[in-house]
Amino acid sequence: MIRLKSSLKLELSDVEEKLLLLYLIYLMDLPMSRAAITNFIVEKELMDYYTLEANLADMVEGGFLEVAHENAQDVSTTLYTLTDDGQDHLKLLDSLISRPVKQLINRFVESNRGVIQKSFEKSANYFPDDETGEFTVKCGVYDDKRGTLLMEITLPVVTREQAKQIQSNWNSNYTIIYQKVLTVLTEPVEEDNDEE
């Protein structure tokens, strides 16, 4: 439910609840954490927590949202992004989202995109490989104004401790590492002219 002018409330249909999730993630134009989605949806009383969780699960199962689990500082974060099918359905059914709901989402995105985007300036996460028992560390740097990926490095490591160390080093030194890698990759390589 959404409150409109004091006691006036608007009932949302099941379809509109799902569409507003697609609209929110589409408009944010960044992967959104379950926590960020939950805080907005529950705070604005658009859905209760259990309905939100059920809708997110339905949207993932239906192929409208993709989910990724990241491990950062030993905390697992669930991130949602829109799939091509989700985007197609949103374009087709966009008119079913009421104007007040769209305005509420638009205001939220305008005032919170920078905060959410800032969290994506850098990322360093590790994922366990259940088959091998090893870990994959994925580190990235993003353009904080556009949210576009500037560089991503994926490394396999043997232990969780190595993964945590790489994650910590990346988070502390990502600008230096990015600059050094960029410099090494863009400088001309001198050829060795040894003749045999």
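Bear in mind these aren't lab numbers, they're just calculated from the coordinates by the rules spelled out. All values derive from a computational prediction rather than experimental measurement. We place every Cβ from the backbone using ideal geometry, glycine too, and count neighbours over all the protein chains shown.
Over the Cα atoms of the range 122-186, compute the convex hull volume and normalise it per residue, giving Å³.
Details: hull volume 5.8 nm³, N = 65.
Per-residue hull volume (Cα only) is 89 Å³.
Please work out the FRET efficiency for the pair D88 and D29, using the Cβ-Cβ distance as r and a Förster radius of 22 Å; give the result to the nearest 0.05.
On the way: r = 16 Å, r/R0 = 0.75.
Once rounded, the FRET efficiency stands at 0.85.
By average Cβ neighbour count within 10 Å, what is the ranking of 14-27, 96-109 from highest down?
Numbers: 14-27: 20.8, 96-109: 15.7.
Averaged packing, sorted descending, gives the order 14-27, 96-109.
Want the number for L150 to T78: 0.36 nm per residue separation, take away the alpha-carbon distance, what's left? Can you show the working numbers first?
Values: separation 72, 0.36 × 72 = 25.92 nm, distance 2.24 nm.
The L150-T78 span can extend by a further 23.7 nm.
Which of the pairs K18/K122; K18/K138; K18/K44; K91/K122; K18/K102; K102/K122 have their Cα atoms more than 19 Å apart in this structure?
Numbers: K18/K122 30 Å; K18/K138 31 Å; K18/K44 15 Å; K91/K122 31 Å; K18/K102 13 Å; K102/K122 30 Å.
Correct reply: K18/K122; K18/K138; K91/K122; K102/K122.
Once you place label points 7 Å from the Cα toward the Cβ at D58 and E131, how far apart are they in nm?
In this crude label model, D58 to E131 measures out at 3.5 nm.
Per residue, how much space in cubic angstrom lies within the convex hull of the C-alpha atoms of the range 9-118? It would help to have the intermediate numbers written out before the result.
Details: hull volume 11.2 nm³, N = 110.
Expressed per residue, the convex hull around the Cα atoms of the range 9-118 is 102 Å³.
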